[in-house]
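What follows is one structure encoded as structure tokens, with my remarks underneath.
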Amino acid sequence: MAEPFLRVDHLSLVVFQENSLRQILDRVSFNLFPNQVMGLVGESGSGKTMTSLAVMRLLPRTIKVTGGHIWFDGQDLFALSEHEMRRVRGSRIAMVFQNPRAALNPLVRAGDQVARAVRLHQDLDQSGAYGAAIDLMQRVGIADAVNRARAYPHQLSGGMAQRVLIAMMLACQPRLLIADEPTTGLDVTIQAQIFELIKDVQRETGAAVLLITHDLGVVSEVCDRVAVMYAGQIMEVAPVQELFAHPCHPYTQRLLSSVLRVDRLSSLDNLEALAPVSAASSADGCLFASQCPLVTPECLQSRQDLFDEQDTHIVYCCNPEAIR
Amino acid sequence: MSMEALLRVENLHKYYREGPYVIHAVNGISFELFPGEAFGLVGESGCGKSTTARCILRLERITAGKIFFKNQEITALPPAKLRAWRRWMQMVFQDPNESLNPRFTVRAMLHEPLYLHGLYRREAQILEALLRVNLEKEHLNRYPHQLSGGQKQRVGIARAIMTNPEFVVLDEPTSSLDMSLRIHVLSLLHRLQREMNMAYIFISHDLSTVRHLCSRVLVMYLGRVVEMGRTEDVFNDPRHVYTQALLSAIPIPDPTVRRQRILLKGETPNARLLKPGCGLQDRCPFVRDDCRSPVPFIDLGNGHQVACVLANETPTISKKTGGT
Amino acid sequence: MFKLNIARPEELQDYSRRQSAVNSRFRSRGLRQALRYPLFVLGVLIIAVYLLVAILGPQLTPYNPTETNPQSVFKPPSAEFRFGTDNFGRDVFTRVVYATRLDLMIALLVATSSFLIGSLIGGLVGFYGGWVDSVVMRIVDVMFAFPAFILAMAITSALGDTVQNVIVAIAAAYTPYFIRLTRGEMLKVRTQQYADAAISVGNPGWRVMLVHLLPNALTPSLVQMTLVAGWAILDAAGLAFLGLGITPPTAEWGVLVSEGAQRIITGEYWVWLFPGIAIVLAAFAFNLVGDGLRDINTREEQ
């Protein structure tokens with residue numbers, strides 16, 4: 001099997017909050033291969049955004065890494081100096097955020113911002129860079145790119161602004177793209193367009209994509225592989241088809257059954273709602289134990305990862321009942 | 001059994017003046033609401049659904065059109081008289097963080113509707129409403145900033161049902177909530193509706209939610225009605241191109257489902273530049289000449305109405321495999 | 001900016017302990033918060049002292065503020081006359097103490113009356129708008145064209161030299177501030193969802209404005225109130241110094257300073273220095289409190 005492009009290995013983060021240490025991530029591990037879209041799915045508070053920030057090393061100062069490593073293309077990201085990391089960010093790993101208009105400079109026209117990104121990574125003069133910027137904007141599906149390039153961010157719609165950001169990102173030709181809920185607040189028809197765009201970009205450039213979302217529909221349609229998170233712990237990792245066809249971890253099963261589909265009716269009365277993520281203690285055990293139908297006494301003490309034969313489907317559960 | 005419509009909206013128009021421009025937010029919406037039914041008002045951002053709801057509750061001044069409540073015209077009632085009718089029509093607002101007055105305790109907020117409408121047995125009624133929304137007595141003395149998002153939203157719901165209204169307008173009540181909370185609130189709303197025999201006007205951009213809660217639905221685009229009918233008809237057999245595009249854009253959490261996606265070109269046009277004819281004419285892949293003149297409603301039976309010239313001709317484009 | 005914080009498990013215990021220690025030193029959260037703003041606390045303490053002096057007043061000194069005493073003219077500070085005596089032999093300390101009562105009263109009355117009247121007007125016009133709003137705001141604009149002190153001077157000259165007129169004059173000069181502030185907040189608050197909620201529940205307009213919106217629109221005005229109190233002291237003293245408003249023999253800081261002004265060259269510093277310090281310190285303290293309140297509020301919003 002090929003070497004993983006991105007390897008997150010037993011990553012743990014803590015923060016000091018309300019007079020105690022709170023575990024944000026607990027031994028999070030997963031692999032991402034080139035030319036693959038990997039989804040990180042979970043509810044809010046599950047730690048998915050923190051994971052992505054950790055990969056970019058953009059964690060706020062109050063958060064401390066208490067364990068684990070992140071290997072990117074063979075390099076230990078935690079061993080790099082801030083200066084070296086800055087060269088990785090943007091050019092080799094790029095991130096697309098939730099609120100596109102907030103990520104753009106409100107005082108600079110869209111086209112100029114893309115042109116600046118181009119100049120950072122290619123040796124072109126101003127007019128050459130501007131021309132390349134227009135090309136990029138057309139490539140990401142911005143109609144009437146020449147006129148749109150002269151617009152300021154506040155004059156752009158949400159979807160348009162997100163495309164501008166993706167254009168800027170393309171200018172840098174990253175090998176890994178992290179997208180953190182890139183379509184929050186965008187209309188569903190625009191959402192479909194943006195995800196088509198991300199998939200096109202991925203296919204063209206062969207980059208790896210880490211997609212963070214809470215929407216299982218998006219996971220099903222966009223991702224190749226998915227990791228399910230709960231309360232800072234990874235519960236299950238599997239290829240997308242596998243996860244929906246044979247969800248092994250009780251949390252995954254609960255998650256899937258609690259989703260309302262637009263093409264199928266579920267009974268509102270029988271839906272088992274998930275209890276919200278409770279503030280975690282710093283135990284070593286599984287945080288889903290209190291709600292888990294397969295709980296064993298061992299679950300409170302430690303966590304085990306159970307693999308299938310091909311090493312593609314990983315379930316973090318102590319109970320061998322989980323894998324059938 | 002024919003029922004008298006509880007609420008009748010006739011040809012509602014609402015225009016805003018913004019500098020030199022006129023924004024046509026609502027352009028001739030007509031519909032009826034029957035006692036005890038859950039009626040969904042769906043569309044993407046900017047379609048005018050929230051504005052329509054605010055007009056119905058007279059939170060905005062109506063430019064043209066009529067509104068009848070129990071056959072009494074309330075369009076132009078003076079504020080003093082209108083207030084008496086308000087106890088029968090209440091609203092649950094979108095953002096629980098903004099719709100509760102930060103200086104009021106929960107008790108004060110729940111007490112006020114009773115006080116204003118001269119209803120008695122207040123303490124008992126307040127407690128009853130509180131318990132109906134799964135809150136506890138101890139919450140009565142809390143201020144909004146001491147409550148969680150889900151609790152705040154439930155206070156908003158309790159406030160709306162205090163006077164036993166005939167119908168409640170719910171403006172995206174679950175949009176700002178977590179996945180796990182969403183289901184709690186939805187099943188709560190479902191139960192309340194049956195217990196108290198209230199009608200709902202449920203406004204949402206989330207079609208899965210609407211499908212599960214509402215028996216009839218109205219799809220809006222650019223301030224106009226695009227399609228209207230029973231939920232099963234509109235969702236299983238959408239006839240307007242926009243409805244089909246909307247439904248096909250929603251990601252389904254099931255990799256086995258194969259669908260054909262209808263992609264609309266471009267983005268929703270500005271509500272300032274309104275052309276006669278169908279609002280979708282610039283984006284529709286099947287546009288014809290007669291789409292540019294005012295589009296008549298085509299009645300497909302059972303209350304299923306479509307404002308599209310192609311309603312009868314084109315077979316449903318996005319027939320899905322499987323699903324109910 | 002983004003420093004990577006790697007902590008070894010042993011370090012975590014220490015870190016945790018240190019943070020808890022910091023938090024537990026000040027049990028009350030309010031106190032802990034207030035102590036983050038030492039200048040604010042300083043301002044509050046100074047005003048507290050002034051209030052104490054004002055309240056205890058006569059008990060702090062055996063002398064009479066207006067009784068003249070020809071034998072003790074221009075005596076320097078001593079054990080007998082703590083701040084010395086003035087040209088009429090009156091004890092300066094006594095005069096300063098009695099002046100404290102008068103000046104604080106002026107400050108508080110001016111601040112509260114201009115706050116109440118200005119906020120009410122501002123809330124009303126902000127909520128209802130219309131032509132009344134335009135008219136009121138134009139009047140406010142005209143008043144803003146004049147410095148507050150000039151306005152106060154004009155009004156006092158017109159009305160006459162009494163304490164009440166001084167209060168009225170200065171309050172009138174500052175009312176426009178509150179009108180503008182509260183109106184601005186009201187415009188903001190009016191568009192909040194809870195305003196709509198109040199209407200849809202069945203509140204008549206005036207109740208929405210008074211009970212729901214106005215309390216939320218007053219915060220900047222409350223801050224401004226403390227600042228205005230400080231400015232009122234300066235204005236009242238300034239007017240008295242110029243011979244308007246409060247006149248001798250009434251004990252008022254400005255009056256005292258004007259009486260001592262002639263002595264600057266001749267060297268009897270104690271006649272003008274102590275009332276002068278009283279004025280400056282009081283205004284300074286109110287400023288600290290006002291600024292501190294503003295900072296605390298801005299922090300809270302963040």
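The values are calculated or read from the model by the stated rules, or taken from the named source; none is laboratory data. Just so it is clear, the model here is predicted, and its values are computed rather than measured. Cβ atoms come from the backbone with ideal geometry, glycine included; neighbour counts cover every protein chain shown.
Listed by first and then second residue, the pairs linking a residue in region B:114-129 that is within 13 Å of chain C (Cβ to nearest Cβ) to a residue that is charged (D, E, K, R) and part of a loop (DSSP other than H, G, I, E, B), with Cβ atoms under 9 Å apart and 6 or more places separating them unless they lie on different chains, are B:Leu114/B:Arg121.
If you go through region B:1-15, how many residues are surrounded by 15 or more Cβ atoms within 10 Å (Cβ to Cβ) and assigned to a strand (DSSP E or B)? Break it down into steps so the answer makes sense when it comes.
Here is the first cut: in region B:1-15, the residues surrounded by 15 or more Cβ atoms within 10 Å (Cβ to Cβ) are B:5-10, B:12-15.
Checking which are assigned to a strand (DSSP E or B) leaves us with B:7-10, B:12-15.
Final tally of qualifying residues: 8.
Of all residue pairs spaced 6 or more apart or on separate chains, those with beta-carbon atoms under 8 Å, a first member in region A:49-75 that is surrounded by fewer than 19 Cβ atoms within 10 Å (Cβ to Cβ) and a second member that is hydroxyl-bearing (Ser, Thr, Tyr) are A:Gly67/A:Ser12.
Can you name every residue in region C:224-258 that is in a loop (DSSP other than H, G, I, E, B) and free of Cβ contacts under 8 Å to residues at least 60 places away in the same chain?
First pass over region C:224-258, keeping only residues in a loop (DSSP other than H, G, I, E, B): C:242-252.
Matches in region C:224-258: C:Gly243, C:Pro248.
Taken together, the residues in region B:103-113 that are surrounded by fewer than 23 Cβ atoms within 10 Å (Cβ to Cβ), facing chain C (nearest Cβ under 7 Å) and of a type outside the set (Lys, Arg) amount to 1.
Any idea how many residues of region C:83-113 are over 17 Å from the mean Cα position of the chain (by Cα), part of a helix (DSSP H, G or I) and among the hydroxyl-bearing types (Ser, Thr, Tyr)? Steps first, answer last, please.
Looking only at region C:83-113, we keep the residues that are over 17 Å from the mean Cα position of the chain (by Cα), and these are C:83-98.
Narrowing further to those that are part of a helix (DSSP H, G or I): C:92-98.
Pick out the ones that are also among the hydroxyl-bearing types (Ser, Thr, Tyr) and you get C:94, C:98.
The number of residues fulfilling the criteria is 2.
On the given criteria, is A:Arg203 within 8 Å of chain B (Cβ to nearest Cβ) and not aromatic (Phe, Trp, Tyr)? Here the answer is no, as A:Arg203 does not meet what is asked. Of the strands (runs of 3 or more DSSP E) that lie entirely inside region A:37-154, those containing 1 or more residues that are closer than 23 Å to A:Ser12 by Cβ and among the basic types (Lys, Arg) span A:63-72. Scan region C:4-21 and give yes if some residue there is among the aliphatic types (A, V, I, L, M), assigned to a helix (DSSP H, G or I), surrounded by fewer than 16 Cβ atoms within 10 Å (Cβ to Cβ) and at pLDDT below 80, otherwise no. Yes, because at least one residue in region C:4-21 is among the aliphatic types (A, V, I, L, M), assigned to a helix (DSSP H, G or I), surrounded by fewer than 16 Cβ atoms within 10 Å (Cβ to Cβ) and at pLDDT below 80. Just give me the residues in region B:138-165 being surrounded by fewer than 21 Cβ atoms within 10 Å (Cβ to Cβ) and touching a strand residue (DSSP E or B) at 6+ places or on another chain (Cβ under 8 Å), in sequence order. Matches in region B:138-165: B:Pro165 only. Here C:Ser258 passes the criteria (1) buried (at least 22 other Cβ atoms within 10 Å of the Cβ); (2) in contact with a Phe, Trp or Tyr (Cβ under 6 Å, 6 or more places away or on another chain); (3) under 30 Å from C:Thr68 (Cα atoms) except the one numbered (1).
Among helices (runs of 4 or more DSSP H) entirely within region A:162-245, having at least 2 residues that are among the hydroxyl-bearing types (Ser, Thr, Tyr) singles out A:188-205. Within region B:12-71, being of a type in the set (Phe, Trp, Tyr) and out of contact with any Cys (no Cβ under 9 Å at 6 or more places or on another chain) holds for B:Tyr15, B:Tyr16, B:Tyr21, B:Phe31, B:Phe34, B:Phe68, B:Phe69.
Looking at this structure, is A:Asp224 over 22 Å from A:Leu107 (Cβ atoms) and without any contact (Cβ under 8 Å) to a residue 24 or more places away in the chain?
Working: over 22 Å from A:Leu107 (Cβ atoms): yes; without any contact (Cβ under 8 Å) to a residue 24 or more places away in the chain: no.
So A:Asp224 does not fit the description; no.
Taken together, the residues in region A:1-35 that are surrounded by fewer than 16 Cβ atoms within 10 Å (Cβ to Cβ) and in contact with a His (Cβ under 6 Å, 6 or more places away or on another chain) amount to 0.
Specify which of the listed residues (B:Arg54, B:Arg83, B:Arg58) is within 12 Å of another protein chain (Cβ to nearest Cβ), within 16 Å of the chain's Cα centre (by Cα) and either touching a residue at least 12 places away in the same chain (Cβ under 8 Å) or in a strand (DSSP E or B) (or both). Give the derivation first.
On the way: B:Arg54 fails: either touching a residue at least 12 places away in the same chain (Cβ under 8 Å) or in a strand (DSSP E or B) (or both); B:Arg83 fails: within 16 Å of the chain's Cα centre (by Cα).
The conditions single out B:Arg58.
With respect to (1) farther than 19 Å from C:Ala282 by Cα; (2) crowded, with 16+ Cβ neighbours inside 10 Å; (3) at pLDDT below 95, the lone exception for C:Ala154 is condition (2).
Looking at B:Val241, is it crowded, with 24+ Cβ neighbours inside 10 Å and either in contact (Cβ under 8 Å) with a residue 60 or more places away in the chain or more than 30 Å from A:Pro247 (Cβ to Cβ) (or both)? Give the derivation first.
Details: crowded, with 24+ Cβ neighbours inside 10 Å: yes; either in contact (Cβ under 8 Å) with a residue 60 or more places away in the chain or more than 30 Å from A:Pro247 (Cβ to Cβ) (or both): yes.
In short, yes.
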